[in-house]
Structures are given as structure tokens and as C-alpha cells.
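First comes the structure, then the notes that go with it.
The values are calculated or read from the model by the stated rules, or taken from the named source; none is laboratory data. The structure presented is a predicted model; accordingly, all values stated were derived computationally and were not measured. Here the Cβ positions follow ideal geometry from the backbone for every residue, glycine too, while neighbour counts run over all protein chains shown.
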Protein chains: 2
Amino acid sequence: MKQFAIIGLSHFGSRVLEELLQYEDVEVLIIDRDQRVIEEFKDVVAAAYIADVIKQELIEKLVPTTIDAAIVDLGDKTEASILVTNYLKKRGIKRIIAKAETEQHGEILSIVGATDVVYPNREAAKRITLPLISSALSSFFPISEGLVIAEVRLPDTFAGKTVIEADLRKKHGINILAVRRHGAAQFDFISPAYQFGSGDTVLVVGREADIATIPAPSDGIVQPPPNVGSEPPSAAGPSADTGKRSIFGRLAQVLGSPNRRSLRKRIR
Amino acid sequence: MKQFAIIGLSHFGSRVLEELLQYEDVEVLIIDRDQRVIEEFKDVVAAAYIADVIKQELIEKLVPTTIDAAIVDLGDKTEASILVTNYLKKRGIKRIIAKAETEQHGEILSIVGATDVVYPNREAAKRITLPLISSALSSFFPISEGLVIAEVRLPDTFAGKTVIEADLRKKHGINILAVRRHGAAQFDFISPAYQFGSGDTVLVVGREADIATIPAPSDGIVQPPPNVGSEPPSAAGPSADTGKRSIFGRLAQVLGSPNRRSLRKRIR
């Protein structure tokens, strides 16, 4: 039997509750300030309280020290989540999982006692971005310590080669985990003797930079020619920008955007 | 050069913008109703508009048909996100990524035109839940088509065995991708001749049920004895619940929880 407390049932807390309830030997205690939230879930949990958890006495009264973990998700109430995490830490809860949106919020949560900080939106954003940039990638999972898992569509130059002949491990520093044949729904584990077909997708593990070295499939991806219709994006000189670039700018000119500067700064 | 439009910069949309801005040849157009949001980001994007995107004419005016993808994140405004997704589809945008919280919302987004539906909170909840339930797992990544990647701490019975001798592929149906030595920060790729040490963590790929068959490390995990101090949880008869179970119940009795029923229902 495992026991968990979910303090705050915003989007993340509610989804964690749903996931935990898939398991048999699990008991969950929920606390939220919002009566509607508690009413929604009270019939499926072991205990449910409507309470404003900002008060330390309430955490001490309601949360047993023996629980396996507490999950904190007070939505956008950043300060409250920091206070509650600290109360749970002082109460001696051994595992405290807290949700954060920003790096700064996450850092403070760690300092005051969170053992795990989860950034759902940042993680999801990371996962979709590389596939948007690189047309060969269809899916992308960052793993701890610099490793990533990616689904990569192989260019047709691989068709007819075996896994050994393609030698992605040596040539690109990556390992193939599984292959999905063109048009198939499932990934299958393969032997080194497997012969790639046209349009195969591979599930690979490696460093992000290494995965990016797999050549992209050429079909359907039209690369616009460099230096066509571009304007210098910065004082550094002419760029390889394409004709596409001017579309946003022209629109902004017509419509009066608050800003149409070129994109050379980076936000942190 | 790739061009993207982010319609709505709630938590997910903002994180996607931050990720996209890491790349050089990317240009982003942002639209949000909230002036503060637009002010915050206007200096780092190619174009920024304060606009209520619920109006179809605005989408037609502001979003070029040539963009590579549009990202829709109107926060909790479910109906608005459905309308906007549909406008983008009718405008002919080839890739539309929309954020959803619930299954129902996601389904509708797909029907009206989203090519990708992202559930940040559900995905993060899935990722943390299995490690909370299974003490051998420290991290867990669901991959498409039923495959999962997991970090699993090996029990000490593996120490001294080589990868070939342990034969996790045959005995448990899973593939080892990399190993992190006890105390090391980095995962390393290994050869089949690698000899496991005490406390090694392996990164494996396989089906969820297969990964759960790896025996858990025994150290530090105390399993409470079955049938101690338990009360029958349902009419189905006595359970294997442990003494732990009664804690929430007793507390609820003292404090007057709105509910203290045993956890046997499942929410959907």
C-alpha cells in the first residue's frame, strides 16, 4: 500500500490523481481550497479536505508524516506553493513533488524542500520544438544527463542497407532501439541483420547534436534558396535569410505591429 | 528559415516561444489578447499583435498561410482554442499544435483540425506516477505505440553479472540502452561485456508491463506486513491492506472529511 497527498488540484495535481488511481494498492488524500474540486473527486479518494493550505497548522493536522510522497500544485499561486512545500519539508515528508512554470520558481521550490520539481509546460514545449525545427524528427524525448530519445524518419539512401551496414552507432554516435516500417502503427525491435525499407522511422537514443547529424529525408521538404529577398538582420552583415522572412515584416508594416525587429535576441 | 505563429501565450505557448528562440533560423509571430504578455515578448519576435483571436477575420489578416506551424494555447479558454484551431485549419495552415488538458477537449481539437494535440500536465503526471508506485524506477518516459523508456535501479543480485549474463532482453523482454554507475552523474553506453556493479541504474526501453517485471532493489524499501490492522475495504471481502491504511480514515473521522470511503472506484 502506497499513500500520497495531493495538495492543490490544479491541472497537474488532477492529472496525477487520475494516474495514481489506475493502481490498486494506492490511497490518496486530497486538499484544495476550492469546494467544487473537492466535490468532484471526494468519492474516489481516501480522504478529502476543503482547506486553505497556506496555514502551517493545517498541513500539520491533515498530512500524516508516514505518506510516501506529497504532490504540490497550487496552479499559479507561486508564493503559496513555496510556503506549502516548506511546511511539508518541515513536517518531514520524504518525497515532495512540486509543479513549477519558471526556472526561478523551480529553484526556490528546490531550496525550500521539493525533492522533485516538475515543469509540465516546459517539458512539453521542449519535446515538440525540435521536431518542428528538424523535419526528419517526428518525436523527441529529452532524458536526464544529456541523452535524448527521438523518432527519426530515415532518408531513402538507407533503404536496402542492413542495420550493420548503416552503422549509425559509428557514423552518427547513436543507437537504434526500434524501427517502424513505413505505414506501420507499431515500433518493432529489430536484429542487426534487419534491412531498412523506404520510409522507415527509427527510434534512436543519443546526444541531441549527434541525432541532428542524421540526414533529413529529401521528399516533400523544399529548402528555399539562400540570400533571396533578404534584408540585413543585424549589424553583423548580410544573412542567409530567405524571401519568406519579409512576410511577417510586411504584414506588420501594413497592420502596425508593436514590433517587427529581426529575431536575434534570445530570451532567458 | 522556419516560421511559426503562436496564438495565445499561456504557460505552454510561452515555453514553446522560449524553446523556438534557441534556434538561429527561426522567426516567430505571436498574438495574444493580453497587452502585458505582448509587451514582455515583443522585442524578441518578428511580429507581435494584441488581438482577440476569436474573430476569424483577424486570423486571416494576421497569420500567413505559408508558416510552418501554428501553436495554439489559450490557457483555460477551451471554446476559444477550438474556434481558433478551426480558423487555422480553414486558413490552410499545414501543422497546428494545440494544447489540451482533458481527453474530451483534445478530441474536439483533433476533429476541428489540430494535427498534434499536446497534454503537458497529463504527460508530466504519467511520467512521475510510475516512479512513485515502483521504487526501482526513478524516471519514466512513455513513447508512442506502447513503448516506454525508464530509468531502473537494478537490485544487487545483478552485481558481477555481465549484460549478456543478465540477459534482460530474453528474461524480461527489455533492451538496455545505457548504464549509470552508482554515484555517477552521466549515463554511458555500454558493450555486452559490461559487468554490472552494485547500485547501477539502467536506462531501458520496453513495454511498461515488461519493465515492471525487473525485481526492485531491496535496500531501504520496507514493505509493511499484509493484513495488519486492516478493515475490509469493500463488500468483496477482506483485503491485503496494511496498517497504514487506517491513518487517513482515522484522521478523517477526527476532522470530519467530506468523505472517507475506501478507494475502490476509478475515475475516468
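Condition check: aliphatic (A, V, I, L, M), at pLDDT below 95 and more than 13 Å from the chain's Cα centre (by Cα). Does A:LEU74 satisfy that?
Considered against the rule, which asks whether it is aliphatic (A, V, I, L, M), at pLDDT below 95 and more than 13 Å from the chain's Cα centre (by Cα), A:LEU74 comes out as no.
Can you tell me which of (1) touching a Leu at 6+ places or on another chain (Cβ under 8 Å); (2) at pLDDT below 50 is the one A:PRO217 doesn't meet?
For A:PRO217, the exception is condition (2).
Inside segment B:103-122, can you point out the residues that are among the hydroxyl-bearing types (Ser, Thr, Tyr) and either more than 10 Å from every other protein chain (Cβ to nearest Cβ) or over 25 Å from A:ILE96 (Cα atoms) (or both)?
B:SER110, B:THR115
Go through the residues of segment A:99-110 one by one and say whether even a single one is touching a residue at least 40 places away in the same chain (Cβ under 8 Å) and of a type outside the set (Lys, Arg).
no
Considering each of A:SER138, A:SER110 in turn, give the residue that is within 16 Å of A:LEU203 (Cα to Cα) and surrounded by fewer than 22 Cβ atoms within 10 Å (Cβ to Cβ).
A:SER138
Kindly indicate whether A:ALA184 is of a type in the set (Gly, Ala, Ser) and either under 26 Å from B:ALA150 (Cβ atoms) or surrounded by 21 or more Cβ atoms within 10 Å (Cβ to Cβ) (or both).
Taking the combined requirement at face value, the residue satisfies it.
I'd like the residue in segment B:1-21 that is at the interface with another protein chain (Cβ under 7 Å from one of its Cβ atoms) and assigned to a loop (DSSP other than H, G, I, E, B) and, out of all such residues, is farthest from A:THR102 (Cα to Cα).
The selected residue is B:MET1.
State whether one or more residues within segment A:44-54 are in contact (Cβ under 8 Å) with a residue 24 or more places away in the chain and either in contact with a Gly (Cβ under 6 Å, 6 or more places away or on another chain) or charged (D, E, K, R) (or both).
So far as segment A:44-54 goes, no, none of its residues is in contact (Cβ under 8 Å) with a residue 24 or more places away in the chain and either in contact with a Gly (Cβ under 6 Å, 6 or more places away or on another chain) or charged (D, E, K, R) (or both).
Report, by residue number, each residue of segment A:22-69 that is surrounded by fewer than 22 Cβ atoms within 10 Å (Cβ to Cβ), within 20 Å of A:ALA114 (Cβ to Cβ), β-branched (Val, Ile, Thr) and more than 10 Å from chain B (Cβ to nearest Cβ).
A:ILE54
With respect to A:LEU132, determine if the residue is crowded, with 22+ Cβ neighbours inside 10 Å and more than 25 Å from B:ALA185 (Cβ to Cβ).
So A:LEU132 fits the description; yes.
Please specify each residue of segment B:70-81 satisfying the condition of being more than 9 Å from every other protein chain (Cβ to nearest Cβ) and crowded, with 22+ Cβ neighbours inside 10 Å.
If the condition is that a residue be more than 9 Å from every other protein chain (Cβ to nearest Cβ) and crowded, with 22+ Cβ neighbours inside 10 Å, then B:ALA70, B:VAL72, B:LEU74, B:SER81 are the ones that fit.
Can you tell me which residues in segment A:172-211 are touching a residue at least 40 places away in the same chain (Cβ under 8 Å) and either in a helix (DSSP H, G or I) or not assigned by TED's automatic domain parsing to the domain that holds A:VAL152 (or both)?
Listed by number, the residues that qualify are A:HIS172, A:GLU208, A:ILE211.
To keep it simple, each residue is scored yes or no on (1) under 21 Å from A:HIS172 (Cα atoms); (2) under 13 Å from the mean Cα position of the chain (by Cα); (3) facing chain B (nearest Cβ under 9 Å).
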| site | (1), (2), (3) |
| --- | --- |
| A:ALA124 | no, yes, yes |
| A:ILE128 | no, yes, yes |
| A:ALA136 | yes, no, no |
| A:SER139 | yes, yes, yes |
| A:LEU147 | yes, no, yes |
| A:ARG153 | yes, no, no |
| A:ASP156 | yes, no, no |
| A:ALA159 | yes, no, no |
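Under 8 Å between Cβ atoms, which residue pairs at least 6 apart in sequence (or on different chains) link something in segment A:1-13 that is touching a residue at least 40 places away in the same chain (Cβ under 8 Å) and buried (at least 24 other Cβ atoms within 10 Å of the Cβ) with a partner that is part of a helix (DSSP H, G or I) and of a type in the set (Ser, Thr, Tyr)?
A:GLY8/A:SER81
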